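Structure below; questions to follow.
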Amino acid sequence: MDMRGAISRFVSHPKVFEAQTAVLGGHRLIAALQPMVAEATHGRTSGTVLDLGGGTANARSLWPHDWEYLSVDPDQRLVALEDTDQKMHRLVGDASELGLVDNSFDVVLMKNVSHHLDDATWSGALSEVRRILKPDGYFIFVDALWSQNRIISRLAWAVDAGRFPRVSEKIERAIAVAFDV
């Protein structure tokens, strides 16, 4: 394993990831997502949400308690974390080959994931999201962007586990292929 791979493995450890998220202001992202979740849930007390690349599943707190919450992540360590919520499930999976039922989710959340996916997997993941999302469902997407002109951006991407940062235009084009934005 190369040095970057070793660092990525360490940083993605659930305990380290949670600490890193807290230090980097993960609570601000959760706060920014709350209005989008309110729009997507329409005040309904039940529904289904897929957290694609859900990691430690810290986004579970965003959803009403009675919503079924499924977190899919490729890291086996995250699936082994204890589920304290009866309406939360974890699966190991590939974003581009989910193996879930068509039109089965009210909402799909993809938070800080696309920069971990090469172009083929990214395209496949968007196709899978479209396939499993109900016709009136919501796709909530958020991720960091690549900016060549910002030194902080370049430094952050140098140590990030994700190897595929993208500029906003590339992300917007890819999403617009499968969704009305």
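Any read-out appearing in this document is the output of simple, stated calculations on the displayed coordinates, not a laboratory observation. If you're wondering where the values come from, they're calculated on a predicted model, not measured in any experiment. Counting neighbours? That spans all protein chains shown, and the Cβs are built from the backbone with ideal geometry, glycine included.
Between rounded, prolate and oblate, where does the stretch 88-156 land on the alpha carbon gyration tensor, with a ≥ b ≥ c its root eigenvalues, rounded for a/c under 1.5, else prolate if a/b exceeds b/c?
Verdict is prolate for the stretch 88-156.
Hey, what do the phi angles of the stretch 130-138 turn into as Karplus ³J(HN,Hα) couplings, whole Hz, using 6.51/-1.76/1.60 and θ = phi - 60°, x for Gly and Pro?
With coefficients 6.51, -1.76 and 1.60, one gets 4, 5, 8, 6, 4, x, 9, x, 10 Hz.
On to the next question. If the label point is 7 Å along Cα→Cβ of Phe179, which residues in the stretch 89-109 have backbone nitrogen under 19 Å from it?
Output list for this probe position: 94-109.
Let me ask something else. Please enumerate, by chain and number, the aspartates and glutamates with C-alpha under 14 Å from the C-alpha of Lys87, excluding those fewer than 8 residues away in the same chain.
The reachable aspartates and glutamates, counting only those whose Cα sits under 14 Å from Lys87, are Asp51, Asp66, Glu68.
From the P(r) of the stretch 47-127, can you give the percent of Cα pairs sitting at distances over 16 Å?
Tail of the P(r) past 16 Å holds 48 percent of the pairs.
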